[in-house]
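Below: one structure, written as structure tokens.
The values are calculated or read from the model by the stated rules, or taken from the named source; none is laboratory data. It should be emphasised that the depicted structure is a prediction, and the values quoted were computed from it without experimental measurement. With ideal geometry, Cβ positions are generated from the backbone for all residues, glycine too; neighbour counts draw on all protein chains shown.
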There are 2 protein chains.
Amino acid sequence: MSTSALRYAESNRDRFLHDLETLLRIPSISTLPEHKGDMERAAVCLRERLAHIGLRTELVEGDGHPLVLAEWLETGDAPTLLLYGHYDVQPVDPLDLWETAPFEPTIRNGNVYARGASDDKGQVMTLVAAAESLLKTEGRLPINIKFLIEGEEEAGGNVIDAYVAGHGGDIKADAAQVADTSMFAPGIPALETGLRGNVYTEVFVRGASHDLHSGLYGGVAPNPLNALSHIIAGLKDPYGVITIPGFYDDVCMPEEAVLDDWRSLPFDERQFQRDMGASALVGEPGYTALERTWARPTLDVHGIVGGFTGSGGKTVIPATASAKISMRIVPRQNASHIFELFTQRVLDLVPPGVDVKVDLLHSGEAVSVPPDSNFLKAAALALEDTFGRPPVLTHSGGSIPIVGTFKDRLGLDSILMGWGLPDDNLHAPNEKFSIDNFSKGINATIRFWDRLSAAQ
Amino acid sequence: MSTSALRYAESNRDRFLHDLETLLRIPSISTLPEHKGDMERAAVCLRERLAHIGLRTELVEGDGHPLVLAEWLETGDAPTLLLYGHYDVQPVDPLDLWETAPFEPTIRNGNVYARGASDDKGQVMTLVAAAESLLKTEGRLPINIKFLIEGEEEAGGNVIDAYVAGHGGDIKADAAQVADTSMFAPGIPALETGLRGNVYTEVFVRGASHDLHSGLYGGVAPNPLNALSHIIAGLKDPYGVITIPGFYDDVCMPEEAVLDDWRSLPFDERQFQRDMGASALVGEPGYTALERTWARPTLDVHGIVGGFTGSGGKTVIPATASAKISMRIVPRQNASHIFELFTQRVLDLVPPGVDVKVDLLHSGEAVSVPPDSNFLKAAALALEDTFGRPPVLTHSGGSIPIVGTFKDRLGLDSILMGWGLPDDNLHAPNEKFSIDNFSKGINATIRFWDRLSAAQ
């Protein structure tokens, strides 16, 4: 056991936090073209850090934001782990709801607040800090590692897919460690063995060729916003059941034993609802909240664009409107097929007088990780050593498309072990990351790699 | 007959156009707070013009944008006309669809293009030019006139209502002349004897207290955009029939003779549709397009705000969403009652997990003008003199709330005589106003006032 590395990590805790803050200050929002320069800066910052601790590094430029690669392969027959994370972050709007500036990391109540703190820069930096702690104290790592850190996780870009497709040999490994998930609750570590996939679409509606006055044309002019509302209302009933024909055909729930485990988890639906600040949990009747978020497909509208949105009233019938709509899908559902069913349903719902186009923005398949993997077992023991209790084996409602890619392209199972918390405000104002979990994540990662070595 | 005034108007045509352009250069957008200074400038510009031609003028400041008053009351027993128009304009978005800048008036194909050209600065300036033509050539007017030009027609402000309520005696008149309507078609003047009213609302939906990640919360989190779509879809069927209980109870169609007249008008529904650039006319089955826009109530969504609207995809479940929704109402419907029915229907449609609030932004009752009024007859003759054909007696789908106020508060019927054209792009990019109609409008106004004098 690398006790010296664990001690090093403990005594360098503040400096690791400082390194994280440096990365958090770079507004690397991958979906917004005006942040292209920041994406480059973030990639270079991360690469320099990895080079500084002794890894061989490389930036891979593609048709999008760069990939950061780094490797240390000096441990002979020991297993090789492919380490995945992302340095890009979500947009920050609505900016006025942030208590402190999203790219000025601020410490409050034992957390660091910043866009990307938990998703995913904080998690990436646990991997970097674990590698540094081992290399600085023992001069070597217990296993071989290959970092593969992308800048398009939030944007659905394809640089990493293209790289994996073209350079599978360069990133040959025995398993992947994906640092982009959450703990079940404070003090309760989790290993995620299932992830929902995602099918993200945009629906464009056109009525007249130009905006019209609702007084003069109201009654005969097709209204794209009314049409869009009609279409959206036809996709899902008010209780959360998706009304796209065939949508549920391939959905298969986990085994009853798994569902029993989930029911035994310390999960308080009322508290969950209160944390959301909503007057009620919604969703498909007959399923628990965990089942609805972990094992059931869903459909949500993320944004609608159209018409006059300033203050006051403008009596316009807009020429166009559009909506961003995504579906979370579960194992056995197929993203392409679901997109086809969705498109057909949308087109079936089109009212008279408007033309509708449906685009696929990006998609990723759902993934299951086999619970009997040796890597998973080593990770479970490392987590128990660090947190004093075994992890819970959960699913997650979120999508990490790369996990599907690793499985399909490279045959790798992914160990999904992360340090976020359910209330970290991912993709929302006031994103945060627990500094204590940051340290424990470094500790658990060192122990995980040690256990993989010992298992040889 | 004031032939000298008509000649003066003809020979000052270019200068009148120049005066109009000066007013059009002021971006007097009443709904946007950042244009408050421009509102003041536009009011002062108009007041100075009216003072310059010899009227007694006044600016009335209130809790909003100023009213421009001007009067000439030296013609003893002759009738007094209250002249109404507005100097405020609609917002200009989407700006990128304007061929030339909205506040840089540009002459193309015999039209002046600018925001407010037709609605309503061009029409206001016909009144000003008619008064100038008479005063400069004859030293007097054939009738008494009182200008009442407001700056809140597009914003639903209440400065003019407050003024009319408090100063009814100051603006005592025998009828109103409202310069804010259109001709039926090029060469075919119209007198409008019916106007739809308007009930403009905003519906606010709240789900969680903060934005949520659709992966982690999708399936249990209430989604305000889905909820809003469900609500909107429940207000109107895809064919245009409003599904608010009781909504049509007080609707009364015009007499069959009036409908017969409308059916005889040279109105080509196919051409109307082509001009709109839509693939079909929509609306209530069983009514002609003119009936649907002139005599039937409607409901349209003008704008939806909520969620992520940038490029690319953000997997957010927004905390809030809102929609601007208005209804055009017809004579015998009551705006307050319709708002109550609307609100009740919206609240009945609220799905689980969201809270909904409905605001009334502004409203105006529908109005009918009696077709046997002497003022209407004088106007019809003046129009026939100018255009070589009698006007058609139409309704309009648009709302002019002040016409209802004049009727209710002052007992005045309004002569709705205007120089716009159906394709003037009111409230839309590339608004225009025909320069020939501008001149004919001045000519017809001089003749109208002359005929009112002669009728004494």
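Observations, loosely collected:
- Residue that is within 13 Å of chain A (Cβ to nearest Cβ) and over 20 Å from the mean Cα position of the chain (by Cα), where the choices are B:Pro352, B:Pro371: B:Pro352
- The set of residues in region B:74-95 being of a type in the set (S, T, N, Q) and out of contact with any Ser or Thr (no Cβ under 9 Å at 6 or more places or on another chain) consists of B:Thr80 alone.
- Selection within region B:122-142 - part of a helix (DSSP H, G or I) and of a type in the set (Gly, Ala, Ser): B:Gly122, B:Ala129, B:Ala130, B:Ala131, B:Ser133
- Test result for B:Asp119, part of a helix (DSSP H, G or I), charged (D, E, K, R), buried (at least 22 other Cβ atoms within 10 Å of the Cβ) and touching a residue at least 60 places away in the same chain (Cβ under 8 Å): yes
- Within this structure, A:Asp359 fails the test of being within 14 Å of chain B (Cβ to nearest Cβ) and in contact with a Lys or Arg (Cβ under 7 Å, 6 or more places away or on another chain).
- Whether a residue is in contact (Cβ under 8 Å) with a residue 12 or more places away in the chain, over 18 Å from A:Asp424 (Cβ atoms) and among the polar types (S, T, N, Q) was assessed, and A:Thr100 does not pass this test.
- Flag for B:Arg47 being buried (at least 21 other Cβ atoms within 10 Å of the Cβ), among the charged types (D, E, K, R) and more than 14 Å from chain A (Cβ to nearest Cβ): yes
- Residues considered: A:Ala428, A:Ala444, A:Ala379. Of these, the only one that is within 14 Å of chain B (Cβ to nearest Cβ), buried (at least 17 other Cβ atoms within 10 Å of the Cβ) and among the aliphatic types (A, V, I, L, M) is A:Ala428.
- Matching residues, region B:144-162, being more than 18 Å from B:Asp408 (Cα to Cα), among the hydrophobic types (A, V, I, L, M, F, W, C) and modelled with pLDDT of 90 or more: B:Ile145, B:Phe147, B:Ile149
- All positions within region B:175-207 that are at pLDDT 95 or above, within 7 Å of chain A (Cβ to nearest Cβ) and within 15 Å of the chain's Cα centre (by Cα): B:Tyr200
- Of all residues making up region B:321-349, the number that are surrounded by 18 or more Cβ atoms within 10 Å (Cβ to Cβ) and part of a helix (DSSP H, G or I): 9
- Of the residues examined, B:Ser311 is one that is closer than 27 Å to A:Phe308 by Cβ and exposed (fewer than 14 other Cβ atoms within 10 Å of the Cβ).
- Qualifying residue in region A:19-38 (condition: in contact with a strand residue (DSSP E or B) (Cβ under 9 Å, 6 or more places away or on another chain) and either among the acidic types (Asp, Glu) or not assigned by TED's automatic domain parsing to the domain that holds A:Asp161 (or both)): yes
- Residues in region A:22-54 that are farther than 30 Å from A:Leu381 by Cα and among the charged types (D, E, K, R): A:Arg25, A:Glu34, A:Lys36, A:Asp38, A:Glu40, A:Arg41, A:Arg47, A:Glu48.
- Those helices (runs of 4 or more DSSP H) of region A:208-292 in which at least 1 residues are more than 7 Å from chain B (Cβ to nearest Cβ) and of a type in the set (D, E, K, R), considering only elements entirely within it, cover A:256-264, A:269-276.
- Residue within region B:309-323 that is out of contact with any strand residue (DSSP E or B) (no Cβ under 7 Å at 6 or more places or on another chain) and more than 26 Å from B:His210 (Cα to Cα) present: no
- Subset of region B:307-328 (residues that are within 33 Å of the chain's Cα centre (by Cα) and more than 7 Å from chain A (Cβ to nearest Cβ)): B:Thr320, B:Ala321, B:Ser322, B:Ala323, B:Ile325, B:Met327
- Among residues of region A:209-267, those that are closer than 21 Å to B:Glu431 by Cβ and of a type in the set (D, E, K, R), counted: 1
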